[in-house]
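Notes follow the structure.
The values are calculated or read from the model by the stated rules, or taken from the named source; none is laboratory data. Given the structure is predicted, the values throughout are model-derived calculations rather than measurements. All Cβ positions, glycine included, derive from the backbone under ideal geometry; neighbour counts span all protein chains shown.
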Amino acid sequence: MPLVTRRKLPFLLIAVVAILSSACVGFSEPRGWAEPVFDGETVYVFLDREEFVAVALDEFGGQWMWTFPDEDIDAEDDIQLEAVYGPPLFAGDRVILAGFSGEIVALTAAGRYVPGQGSWQRDDVNGNIVGGAVLAGDVFAFGTTEARLYVRRVEDGGTVAGWPSDGRRLDGEIWSQPVVAGGILYVGTMDGNLYAFDLATGAEIWPEPFDAGGAIASLTFIGDGVLFVPTLGSEVWLVDTETGQARGRPFDAEGWVWTRPVLRDGIAYFGDFEGFVYAVELATGRSRWTYDTESKVKAQGVIVGETLIVGDEGGTVHFVDLATGRGANTVKLDGAGKIRADLVEKDGFAWILGTEGRLYRATPVNRSDQGQLTVVEREVRGLP
Amino acid sequence: MIRAVPQRAGLGLVLVGLVALVFVIATYGFTRTFTVGLLDPMINLLVVLNEALWGSFGLAVIAFTIIVRFVTFPLTLRQLQQTRAMQALQPLVQDIQKRFTDPKRRQEEMMKAYRQAGVNPLGCLGPLVLQFPVLIALFYAIRQTLAISPEALDNLSGHLYSWSYIQRAIPLEESFLGMNLAEPNYFIVALVGISTWAQSKTTVTVATDDRARTQQQMMQWMLPIMFMFFSFSFPSGVSLYWVVTSFVSVGFNVVTYGFPALNVPPLVAPPKPPAPVEAAAPVSSEGESRTRSRPSRELRSSAHGTRRSKRKNRRRRA
């Protein structure tokens, strides 16, 4: 009698495949997609999962200033952020990081966790933090996947009057980074509702939340009392911050919209998961043009000069003429992985972070002999 | 001979199917074929079921597993029947093994016995091999649909059909009966153990000697423990699939084998035996010569096969 009979063979094989897939495939592993943040000539970037580095840029690439956590420091080794999806918050002499694991840590300006010298760590949060936190004076706010909205103090991560210590319970999971404008905290949920709260008191502002009809995974305040509310139902709404009502009809995209727009002259430029990039007039909701990247667009683009620069999940950078929507060039970034982190504009360059932890810069200025727009890699990883 | 025609026709169909599959894989690649042909339909069906069943992903997984197991039931039934026929042949197989020491002759005699009984020794592997990609896809579909991280949700978008009914259903509710289906859960781990044990218990195997009986008993406990160990690292949604599919298998086992402990007879009759073919006189390589014709019914008797075979052997020796 064989040890494993034929009846049990499929289950055993499934188990083996399952274990291999969980160990090797890793398609579900959180890795983070926080965009790089610049402060002068220093760039702060999450290279891989929870490896947070500060790099002083120079003409050759950059000098590695510090990395967090330092595995030689026991106190830092205990902090498990798992992955980080939102940008770090710079609050005075603190750098606050909110991890997917639900842990939040405040570092010193030198990137060190030193309890008693301004650093603190909190792990009293229910759920995972996906959208990152938003800073509002001496408090910061964030939501979690367990549908809880938190407002905490910058000073020590402690609770704030008007906001429950275990978070304010909403109806849906919170995946988007909350937005603060005029002392009001706006937050979207994955069940499609948009809420507005008085940051000081915690009171709800609108009589009822705005129903976007699809999951809200991203939220942007675009000025003039308007929120840009994209949904995974492929619709994009403009919502009046005062009334909580839609301004006009929604714009219908081809696929999920999970990105922030880049704005210029009353036009919003954004991409969707079907690979299209749209130029939409905010006043009328009319589409000026559509550009097809042929891969998902998760990252917010940037405008440099008269060129829109967009990165897609295929790892390709697209240079699109702002006026016509015609592609001027595309450059495939070998070894970049997917481009999910928002692009950042600095000094006439678009800075692009791939999921493989490489930082690139792109410029629309013609610098090559072939007359093509160029992407210059700034290799961050491996620097001394 | 009459049975050989449909068997050959079936074999022909399988061959045509295999050639078509190889062509598709060669054209589009294995990953794309697997994804578009199996994984994507399953993921979308899961999402549709989730919407139809009050937004409960747990109910969707249960319904989905039951549907898939019933759709593949003809394959499962064929596999179970082949296994049953193989089990019924064990006494004869052992008899042949005892009487013939020459491996070549032993093999010939065994193949002859299989032929007479209308059993293909690899017959129960065919349906199993066909089911295997389905089961793997099912596993991936549940894991993918749960979207346990932002990256997973991002990946999921590429698998969904562009119907607004499906697109608007995302993300799915992860909680079910107080469990987070995206994370491991002790309750479901316990259920995995119980259901796997029940499945082992209802799987009828013929223990022909003490050693085999001991191994069989050991497996009845080892398998549940092994699967419980696996499910500690799986999302509960995947473990829930495992539990449901195990209980469905228990049902299939009872339908096919019955449940002797409770005097429940099999609900599905075994396949019709082929017309008996006169068995050639088995001659051992050592020169033992016995001429006898074994009735085909005896070859296929499952309930008392071992006992009857021994009794007849004693009679023959006498």
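Looking at A:ALA196, A:ALA279, A:ALA203, which is the one that is out of contact with any helix residue (DSSP H, G or I) (no Cβ under 8 Å at 6 or more places or on another chain), under 26 Å from B:PRO171 (Cα atoms) and of a type in the set (A, V, I, L, M)?
Just a single option satisfies the conditions, and that option is A:ALA196.
State all residues of region A:246-294 that are part of a loop (DSSP other than H, G, I, E, B), within 14 Å of another protein chain (Cβ to nearest Cβ), of a type outside the set (Ser, Thr, Tyr) and buried (at least 18 other Cβ atoms within 10 Å of the Cβ); if no residue qualifies, say none.
Listed by number, the residues that qualify are A:PRO250, A:ALA253, A:GLY255, A:TRP256, A:VAL257, A:TRP258, A:ASP272, A:PHE273, A:GLU274, A:GLY275.
Can we say B:LEU172 is assigned to a loop (DSSP other than H, G, I, E, B), within 11 Å of chain A (Cβ to nearest Cβ) and over 20 Å from A:GLY127 (Cβ atoms)?
Answer is no for this residue.
Among the residues of region A:52-65, write down those that are touching a Phe, Trp or Tyr at 6+ places or on another chain (Cβ under 9 Å) and modelled with pLDDT of 85 or more.
Selection gives A:PHE52, A:VAL53, A:ALA54, A:VAL55, A:ALA56.
Determine whether A:GLN63 is touching a residue at least 60 places away in the same chain (Cβ under 8 Å) and not β-branched (Val, Ile, Thr).
yes
So, in region B:206-229, how many residues would count as being modelled with pLDDT of 85 or more, within 8 Å of another protein chain (Cβ to nearest Cβ) and buried (at least 20 other Cβ atoms within 10 Å of the Cβ)?
Residues in region B:206-229 being modelled with pLDDT of 85 or more, within 8 Å of another protein chain (Cβ to nearest Cβ) and buried (at least 20 other Cβ atoms within 10 Å of the Cβ): 1 in total.
Within region B:232-245, restricting attention to residues that are under 17 Å from B:ALA198 (Cβ atoms) and at the interface with chain A (Cβ under 9 Å from one of its Cβ atoms), which residue is farthest from the chain's Cα centre (by Cα)?
Applying the filter and picking the extreme gives B:TRP242.
Which of the residues belonging to region A:61-84 are more than 24 Å from A:TRP351 (Cα to Cα) and polar (S, T, N, Q)?
Scanning region A:61-84 gives a single hit, A:GLN80.
Mind checking which helices (runs of 4 or more DSSP H) fall wholly inside region B:20-95 and carry at least 1 residues that are modelled with pLDDT of 90 or more and within 23 Å of the chain's Cα centre (by Cα)?
Ranges flagged: B:40-52, B:57-71.
Within region A:92-136, which residues are hydrophobic (A, V, I, L, M, F, W, C), crowded, with 18+ Cβ neighbours inside 10 Å and away from chain B (no Cβ under 14 Å)?
A:VAL95, A:ILE96, A:LEU97, A:ILE104, A:VAL105, A:ALA106, A:LEU107, A:TRP120, A:VAL125, A:ALA133, A:VAL134, A:ALA136
Checking A:GLY315 against (1) over 19 Å from A:ALA217 (Cα atoms); (2) over 20 Å from the mean Cα position of the chain (by Cα); (3) surrounded by 18 or more Cβ atoms within 10 Å (Cβ to Cβ), which test does it fail?
Here A:GLY315 clears every test but (2).
Out of (1) touching a strand residue (DSSP E or B) at 6+ places or on another chain (Cβ under 6 Å); (2) part of a loop (DSSP other than H, G, I, E, B); (3) surrounded by fewer than 22 Cβ atoms within 10 Å (Cβ to Cβ); (4) touching a residue at least 40 places away in the same chain (Cβ under 8 Å), what's the single condition that is false for A:VAL180?
The single condition A:VAL180 does not satisfy is (2).
Are any residues in region A:24-45 within 14 Å of another protein chain (Cβ to nearest Cβ), at pLDDT 70 or above and either in contact with a Lys or Arg (Cβ under 9 Å, 6 or more places away or on another chain) or within 20 Å of B:ALA182 (Cα to Cα) (or both), and if so, which ones?
Result: A:GLU29, A:PRO30, A:ARG31, A:GLY32, A:TRP33.
Determine, yes or no, whether B:LEU156 is at the interface with chain A (Cβ under 10 Å from one of its Cβ atoms), crowded, with 21+ Cβ neighbours inside 10 Å, at pLDDT 85 or above and closer than 25 Å to A:ASN126 by Cβ.
In short, yes.
Restricting to region A:332-343, and then to whatever is surrounded by fewer than 20 Cβ atoms within 10 Å (Cβ to Cβ) and either small (Gly, Ala, Ser) or touching a Ser or Thr at 6+ places or on another chain (Cβ under 9 Å) (or both), can you tell me which residue is farthest from A:THR220 (Cα to Cα)?
A:GLY335
If you check B:ILE136, B:ILE142, which single one turns out to be modelled with pLDDT under 85, in a helix (DSSP H, G or I) and surrounded by fewer than 20 Cβ atoms within 10 Å (Cβ to Cβ)?
Going through B:ILE136, B:ILE142 in turn, the sole match is B:ILE136.
From (1) at pLDDT 80 or above; (2) over 17 Å from the mean Cα position of the chain (by Cα); (3) of a type outside the set (D, E, K, R), pick out the condition that doesn't hold for B:TRP197.
Failed condition: (2).
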